[in-house]
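The values are calculated or read from the model by the stated rules, or taken from the named source; none is laboratory data. Because the structure is predicted, anything quoted here is derived from the model rather than measured. FYI the Cβ positions are ideal-geometry reconstructions off the backbone, even for glycines, and counts take in every protein chain you see. Heads up: the accessible areas ignore ligands, DNA and RNA and are worked out on the full protein's heavy atoms, side chains in. Shrake-Rupley method; radii C 1.70, N 1.55, O 1.52, S 1.80 Å.
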Amino acid sequence: MYEKKKINWLFKLITVIAFMIILAPMIVIVIVSFNATEIITFPPQGLSMKWYANIFAENSKFVDGFLNSVKLAIVATLFDIVIGVLASISVTKYSFKQKGLLISLFTSPMFIPSIAFGFVLLQMTASMRILTPFLKILIGHIIIILPYIIRNTLGILTSYDWTIDDAAASLGANPVKVFFKITLPIIKPAVLSGALLAFLYSFDEAVISSLLTSAKFTTLPVQIINYMEFRFDPTVAAISTILMAISLALMILMDKFIGLDALTKQ
Amino acid sequence: MGYLTIDSLTKKYGDLTAVKSINLKIKQGEMVALLGGSGCGKTTILRMIAGFIEPNAGTVSINGKVMNNIPAYKRNVGIFFQNYALFPHMTVIENVEFSLKLKKMKKAEIKEKVEYILGLVKLEGKGDSYPRQLSGGQQQRVALARALVMEPDVLLLDEPLSNLDSKLRQEMQVEIKRIQKKLKLTTIIVTHDQEEAVSLANRVVIMNEGEIEQIGEPGEVFNHPAHPFVAEFMGFSNFMEGKIVRKEGKEIQIEVAEGKVMNQSYDRADELAVGDAVVLTIRPEAVLISKTEEDGYAQGKIVNMTYKGHNTMVDILSSFNEKVQAINVDMVLPKEGESIYFAFPSDKVIIYKK
Ligand SMILES: Nc1ncnc2c1ncn2[C@@H]1O[C@H](COP(=O)(O)OP(=O)(O)O)[C@@H](O)[C@H]1O
Ligand SMILES: [Mg+2]
């Protein structure tokens with residue numbers, strides 16, 4: 001037997017430190033967002049809601065940016081769920097020669113610097129007039145967030161027992177029914193956890209979006225960057241606080257419907 | 001005319017021919033056991049009958065209808081998978097009623113059938129459990145119930161009892177046989193246990209490397225295996241190779257090694273001739289042993305004894321340097337290293353011409 005007590009102490013200490021590292025910035029952001037003064041100070045001097053009011057001020061474009069980002073993230077994520085699930089099934093269910101190559105290809109956008117990727121995309125789409133800024137950014141996001149869905153889906157599918165699908169077929173289920181009643185429900189937790197990561201990545205993405213943006217279509221992160229060029233006040237902290245609250249709400253919803261276990265297991 | 005007819009069925013995986021032109025006819029309500037070592041193609045045959053994989057050649061027909069171009073979901077073949085393949089996201093009831101719901105059966109009818117079948121496999125009260133909450137034996141019975149409730153034209157059981165402890169195994173053997181008879185199901189059961197095969201099936205098919213070695217009724221295959229391979233599978237041991245050097249009526253002499261000759265009487269000696277190269281075999285439990293020299297017994301030495309509870313396995317080295325294995329039930333044995341006498345009864349020994 002090794003000394004349990006010492007190890008326990010060490011683990012507890014590391015856990016506390018890790019929590020502090022993660023939580024400290026969030027706590028600071030929340031506190032700053034309620035700060036009364038324009039200059040960001042810590043500890044705060046007086047309480048105020050004016051930065052929150054600022055977000056929704058008449059000439060502010062934050063709400064538009066937020067709605068654009070949500071629209072973009074939802075479309076890109078839904079699109080990638082379909083592609084990601086179909087691609088993952090085809091590489092795991094059937095065996096063929098270039099299988100390993102295909103899997104690395106699917107996950108490769110994760111390792112390309114987004115500034116380089118954004119530049120290439122900008123060059124390629126510059127002459128394509130039919131592509132609106134929304135479509136250009138959408139294409140970029142569809143490509144960069146795909147790995148998050150594919151990795152999660154592949155994770156569950158590599159250990160998937162395909163005889164379960166055979167069993168369903170022998171019981172009278174045609175391929176469409178097998179997919180919707182058996183395969184999809186079983187892999188759903190992994191797909192959704194990947195989709196959540198992909199959604200948050202797209203929502204948060206600033207580099208590609210800022211390269212491909214235009215006055216007509218601006219996402220929230222780009223809006224924030226633009227704002228910060230001219231002003232440096234706690235409005236951004238207020239936006240971040242709202243976003244953190246939304247993320248938390250999403251996590252709680254996910255937990256309720258599919259269980260956080262599934263999220264962390266992947 | 002078989003109800004399930006398999007004609008020159010062949011399956012290749014690259015250079016490997018997993019199933020080599022198999023022919024088999026099974027009557028309606030008959031239970032046939034497929035017996036063979038791991039990798040001999042048993043599962044592949046079942047998968048072709050169920051329609052999960054396509055044969056490279058040959059046909060599968062059910063009730064006179066060729067099935068080759070009919071997809072699995074239209075075949076009405078029930079299959080029990082070696083690993084159960086239960087739907088993990090569904091309760092026991094949902095697993096079992098899956099096929100009935102697809103047939104758009106009425107709710108009341110589904111309920112009645114599910115209750116009946118769960119009773120049959122003794123799973124009453126477990127209907128709302130998920131597979132992961134059940135023991136191995138219970139999961140297995142869910143898989144069986146799920147395959148039975150669809151009232152399949154053909155039932156395929158892939159090693160249904162291999163993962164069970166011996167008590168549950170025997171109980172389930174009785175259950176499967178009872179249900180199969182009651183529902184008059186045309187059934188193929190795959191197993192690698194000869195005793196299971198002969199106790200369950202109307203006929204036994206012994207396979208080796210994708211080919212059928214012998215088809216026959218249990219008693220016939222068990223007592224008269226057609227080849228040494230089948231004999232080994234059926235529990236024969238003590239294989240001895242040699243050449244017949246003399247024959248007089250039932251009495252023959254086999255030269256097992258240079259200058260070493262064993263005398264043996266054999267009921268079917270007229271099938272053999274002097275000069276034939278032969279393989280002799282006998283079950284260990286059929287070998288007679290004695291502490292004292294008796295007429296017709298050969299002499300040997302005990303080299304090892306393995307106590308197995310209800311009997312003892314005795315390894316003997318004969319005076320002509322052959323290893324002989326005998327199973328002793330109630331005799332008080334000499335010690336290891338001491339002398340012992342043994343004999344092969346003329347009706348228990350089998351001699352194959354090579
Ligand atoms: N999908 C496959 N690809 C390649 N070889 C296979 C495949 N399925 C089975 N085999 C091979 O075919 C042979 C028969 O397999 P199988 O029918 O599963 O044997 P059994 O059920 O008798 O143990 C084995 O040698 C196995 O390795
Ligand atoms: Mg098998």
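Here is the link list: B:Lys111/B:Lys184; B:Lys74/B:Lys104; A:Lys177/B:Lys20; B:Lys27/B:Lys65; A:Lys97/B:Lys11; B:Lys42/B:Lys104. Which ones come out longer than 24 Å on Cα distance? Before the final figure, lay out each step's value.
Values: B:Lys111/B:Lys184 22 Å; B:Lys74/B:Lys104 15 Å; A:Lys177/B:Lys20 34 Å; B:Lys27/B:Lys65 14 Å; A:Lys97/B:Lys11 21 Å; B:Lys42/B:Lys104 34 Å.
Table pairs above 24 Å Cα-Cα are A:Lys177/B:Lys20; B:Lys42/B:Lys104.
Histogrammed with a bin width of 10 Å, the alpha carbon distances of region B:238-353 distribute as 14, 47, 29, 9, 0 percent, first bin at zero.
Shown in residue order for region A:194-203 are the 3J(HN,Hα) couplings computed by the Karplus curve 6.51 cos²θ - 1.76 cosθ + 1.60 at θ = phi - 60°: x, 5, 5, 4, 4, 4, 5, 4, 4, 5 Hz (x for Gly and Pro).
Straight-line reach from A:Lys71: taking Cα to Cα under 30 Å and skipping same-chain neighbours fewer than 8 places apart, the lysines in range are A:Lys50, A:Lys61, A:Lys136, A:Lys181, A:Lys188, A:Lys216, A:Lys256, A:Lys265. Computed from label points 7 Å out along Cα-Cβ, the spacing between A:Lys97 and A:Ile83 is 2.6 nm.
Between A:Gln45 and B:Asn163, the modelled label-to-label distance comes to 7.0 nm, taking each label 7 Å out from Cα in the direction of the beta carbon. The residues packed around B:Tyr3, meaning those with a beta-carbon under 10 Å from its beta-carbon, carry a net charge of 0 if Lys and Arg are +1 and Asp and Glu are -1.
Using the beta-carbon distance between B:Thr59 and A:Asp161 and R0 = 30 Å, what value does 1/(1 + (r/R0)^6) give for FRET efficiency, to the nearest 0.05?
E between B:Thr59 and A:Asp161, to the nearest 0.05, is 0.55.
Using only the Cα atoms of the protein assembly as shown, build the gyration tensor, take square roots of its eigenvalues as a ≥ b ≥ c, and label the shape rounded, prolate or oblate: rounded if a/c is under 1.5, else prolate if a/b is larger than b/c, else oblate. Prolate, because a/c is 1.5 or more and a/b exceeds b/c. Computed on chain A, with alpha-carbon pairs under 8 angstrom and 6+ residues apart, the relative contact order is 30 percent. A Förster radius of 35 Å, combined with the Cβ-Cβ distance separating B:Glu338 from B:Lys260, puts the computed FRET efficiency at roughly 0.95. A simple count of charges around B:Glu30, restricted to other residues whose Cβ falls under 10 Å of its Cβ and scoring Lys, Arg +1 and Asp, Glu -1, yields +4. Share of carbon and sulfur in the accessible area of region A:61-264 stands at 71%, probe radius 1.4 Å.
Got a number for carbon plus sulfur as a percent of chain B's accessible area, 1.4 Å probe? It would help to have the intermediate numbers written out before the result.
Numbers: 8040 of 17080 Å².
Solvent-exposed carbon and sulfur of chain B make up 47 percent of the total.
Taking the centroid of alpha carbons for each part, region B:1-57 and region B:70-95 are 20 Å apart.
The 3J(HN,Hα) values that the Karplus relation (6.51, -1.76, 1.60; θ = phi - 60°) gives for region B:173-184 are, in residue order, 4, 4, 4, 4, 4, 4, 5, 4, 5, 4, 8, 6 Hz. Gly and Pro appear as x. In this rough spin-label picture, where each label sits 7 Å from Cα along the Cβ direction, the B:Glu220-A:Met228 distance is 8.6 nm.
DSSP beta bridges confined to chain B are antiparallel in about 75 percent of cases.
Take every Cα pair under 8 Å whose residues are at least 6 apart in sequence, average their separation, divide by the length of region B:133-249, and the relative contact order is 17 percent. Taken one residue at a time, the phi angles of region B:136-149 give Karplus couplings (6.51, -1.76, 1.60, θ = phi - 60°) of x, x, 5, 4, 4, 6, 5, 4, 5, 4, 5, 6, 6, 5 Hz. Gly and Pro are set to x. Remark: the protein assembly as shown carries a charge dipole of roughly 2220 debye about the Cα centre, counting +1 on each Lys and Arg Cβ and -1 on each Asp and Glu Cβ. Along the axis of the charge dipole computed for the protein assembly as shown (Cβ charges of +1 for Lys and Arg, -1 for Asp and Glu, origin at the Cα centre), the listed residues B:Pro284, A:Leu138, B:Ala298 are led at the positive end by A:Leu138.
What fraction of the Cα pairs in region B:122-190, stated in percent, has a spacing above 15 angstrom? The answer is 53 percent, as a whole percent.
Extents of chain A, largest first, come to 69, 69, 33 Å (Cα atoms, principal axes, whole angstrom). Of the peptides B:155-165, B:57-67, A:162-172, the ranking by mean beta-carbon count within 10 Å, highest at the top, reads A:162-172, B:155-165, B:57-67. The mean number of Cβ atoms from other chains found within 10 Å of a Cβ in peptide A:179-189 is 2, as a whole number. Across peptide B:87-93, the mean count of Cβ atoms from other chains lying within 10 Å of each residue's own Cβ comes to 4. Shown for region B:4-233 is the translational diffusion coefficient from the Stokes-Einstein equation, using the Kirkwood radius over Cα pairs, a temperature of 20 °C and a viscosity of 1.002 mPa s: 118 µm²/s.
When only alpha carbons are used to place a centre, region B:205-271 and region B:293-340 end up 21 Å from one another. Considering helices alone, the calculated mean residue ellipticity of chain B at 222 nm is -7000 deg cm²/dmol, with DSSP H runs of length four and up weighted by -39500 (n - 2.57) and normalised per residue. Legend: mean number of C-beta atoms from other chains within 10 angstrom of residue C-beta atoms, peptide A:159-167, equals 6. Using a cutoff of 8 angstrom between alpha carbon atoms and counting only pairs six or more residues apart, the relative contact order for chain B works out to 15 percent.
Once backbone amide H atoms are built at 1.01 Å from N, B:Thr186 has B:Gly29, B:Leu155 as its partners under 5 Å, excluding neighbours fewer than 5 places away on the same chain. If you count Lys pairs in region B:236-319 whose Cα atoms are under 20 Å apart, skipping same-chain pairs closer than 8 places in sequence, the total is 5.
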